[in-house]
Amino acid sequence: MVVGHDMTPLVDALADHGHVVVPAWLPADAVQALRADAEGLWQAGRFRHAGVGRGADFQVRPEIRSDRVLWLDDAVTTPALDAYLGTMERLREAFNRALYLGLVEFGAHLAVYPPGAHYRPHLDHFRNTRHRVISSILYLNPPEWCAEDGGQLRVYLGRDPQGEALEVLPAGGTLVLFLAQRFWHEVLPAGRERWSITGWFCRRP
Ligand code: OGA
Ligand code: MN
């Protein structure tokens with residue numbers, strides 16, 4: 001799908017700012033293929049309520065996050081998802097080559113926010129682990145998405161979840177990358193169904 005994509009501008013922007021937003025990173029047909037697969041997996045009952053914490057700490061806390069997710073693994077493969085993972089693998093290699101980040105893996109889940117769902121301000125790491133280095137979100141919605149539809153990703157630029165923030169509309173094909181442990185972020189309540197693939201480039205735990 002994005003074979004031949006020049007990844008240098010992405011890598012440079014992340015190195016300079018710690019975050020980058022790329023509208024139309026993926027062409028509409030590739031977004032559509034991923035979305036169709038995601039909906040098929042949803043209809044097959046494969047998604048679960050997302051939670052917070054990990055292992056024994058895991059809890060479903062809908063007042064904190066109310067999306068549903070499906071982690072991508074060997075039991076969840078489709079040609080479009082494999083192509084996506086292949087692209088992210090090349091991006092992982094590009095980050096390592098340019099920035100010596102020592103990223104050893106990329107793990108991702110599909111996510112759907114039903115109308116009204118949200119995710120309160122958080123950092124992307126679990127209490128006891130620091131191995132998530134870069135967060136990545138690719139939106140699988142139609143390309144037209146306006147502020148009235150809600151569901152914006154808000155990335156706070158300061159040290160706390162307040163003040164100046166980037167606000168990203170989850171329009172289909174938009175890719176967002178940011179440093180997972182540096183930027184507080186939240187998902188505002190979605191006014192319509194909101195689809196995405198969220199993943200993390202990780203160091204060795
Ligand atoms: C997450 C997250 C943001 C988004 O899943 O951790 O912050 O825009 N997602 O979906
Ligand atoms: Mn997050």
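Identify, from the list ALA30, ALA50, the residue that is open to solvent by less than 40 Å² (accessible area, probe 1.4 Å) and over 16 Å from the mean Cα position of the chain (by Cα).
Working: ALA50 fails: over 16 Å from the mean Cα position of the chain (by Cα).
Just a single option satisfies the conditions, and that option is ALA30.
Inside segment 41-136, counting only strands (runs of 3 or more DSSP E) that do not spill past its ends, which hold 1 or more residues that are over 21 Å from PRO170 (Cβ atoms)? Give the derivation first.
Values: elements: 68-71, 105-113, 119-122.
Fully inside segment 41-136 and qualifying: 105-113.
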**Asked** In segment 187-203, what residues are open to solvent by 10 Å² or more (accessible area, probe 1.4 Å), among the charged types (D, E, K, R) and in contact with a Gly (Cβ under 7 Å, 6 or more places away or on another chain)?
**Response** ARG203
**Request:** Would you confirm whether any residue within segment 180-194 is over 19 Å from ASP16 (Cβ atoms) and without any contact (Cβ under 8 Å) to a residue 60 or more places away in the chain?
**Result:** no
**Asked** Would a scan of segment 143-157 turn up a residue that is within 14 Å of ligand 1 (Cβ to nearest atom), open to solvent by 30 Å² or more (accessible area, probe 1.4 Å), in contact with an Asp or Glu (Cβ under 7 Å, 6 or more places away or on another chain) and in a strand (DSSP E or B)?
**Response** yes
**Request:** Note down all Cβ pairs under 8 Å where the first residue falls in segment 31-60 and is within 14 Å of LEU81 (Cβ to Cβ) and modelled with pLDDT under 95, the second is within 16 Å of ligand 2 (Cβ to nearest atom) and assigned to a strand (DSSP E or B), and they're at least six residues apart or on different chains.
**Result:** none
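Going by the structure shown, is GLY107 open to solvent by less than 50 Å² (accessible area, probe 1.4 Å), more than 10 Å from ligand 1 (Cβ to nearest atom) and of a type in the set (Gly, Ala, Ser)?
Details: open to solvent by less than 50 Å² (accessible area, probe 1.4 Å): yes; more than 10 Å from ligand 1 (Cβ to nearest atom): yes; of a type in the set (Gly, Ala, Ser): yes.
Yes.
Is it the case that some residue within segment 55-70 is more than 16 Å from the chain's Cα centre (by Cα) and open to solvent by less than 40 Å² (accessible area, probe 1.4 Å)? Steps first, please.
Within segment 55-70, the subset more than 16 Å from the chain's Cα centre (by Cα) is 55-64.
If we keep only those that are open to solvent by less than 40 Å² (accessible area, probe 1.4 Å) too, we end up with none.
The answer is no, given that none of the residues of segment 55-70 is more than 16 Å from the chain's Cα centre (by Cα) and open to solvent by less than 40 Å² (accessible area, probe 1.4 Å).
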**Prompt:** Just to be sure, is LEU123 within 15 Å of ligand 2 (Cβ to nearest atom) and either surrounded by 15 or more Cβ atoms within 10 Å (Cβ to Cβ) or not β-branched (Val, Ile, Thr) (or both)?
**Reply:** yes
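Results for (1) within 14 Å of ligand 2 (Cβ to nearest atom); (2) modelled with pLDDT of 95 or more, shown as yes or no for each residue.
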site	(1), (2)
TYR100	no, no
HIS109	yes, yes
THR174	no, yes
LEU188	yes, yes
ILE197	yes, yes
**Asked** Taking ALA180 and the conditions (1) under 21 Å from GLY53 (Cβ atoms); (2) open to solvent by 10 Å² or more (accessible area, probe 1.4 Å); (3) in contact with an Asp or Glu (Cβ under 7 Å, 6 or more places away or on another chain), which numbered condition does it fall short on, given that it satisfies the others?
**Response** (2)
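Could you check segment 158-169 and list, in sequence order, the residues that are open to solvent by 60 Å² or more (accessible area, probe 1.4 Å) and outside any loop (DSSP other than H, G, I, E, B)? Working first, answer last.
Taking segment 158-169 first, the residues open to solvent by 60 Å² or more (accessible area, probe 1.4 Å) are 159-160, 162-164, 167, 169.
Within segment 158-169, GLU167 is the sole residue that qualifies.
The values are calculated or read from the model by the stated rules, or taken from the named source; none is laboratory data. Predicted model only: the values in this text are computed from it and were never measured. Don't worry about glycine lacking a Cβ; one is built from the backbone with ideal geometry, like all the others, and counts go over all protein chains shown. Only protein heavy atoms, including side chains, enter the accessible area calculation; ligands, DNA and RNA are left aside. Shrake-Rupley method; radii C 1.70, N 1.55, O 1.52, S 1.80 Å.
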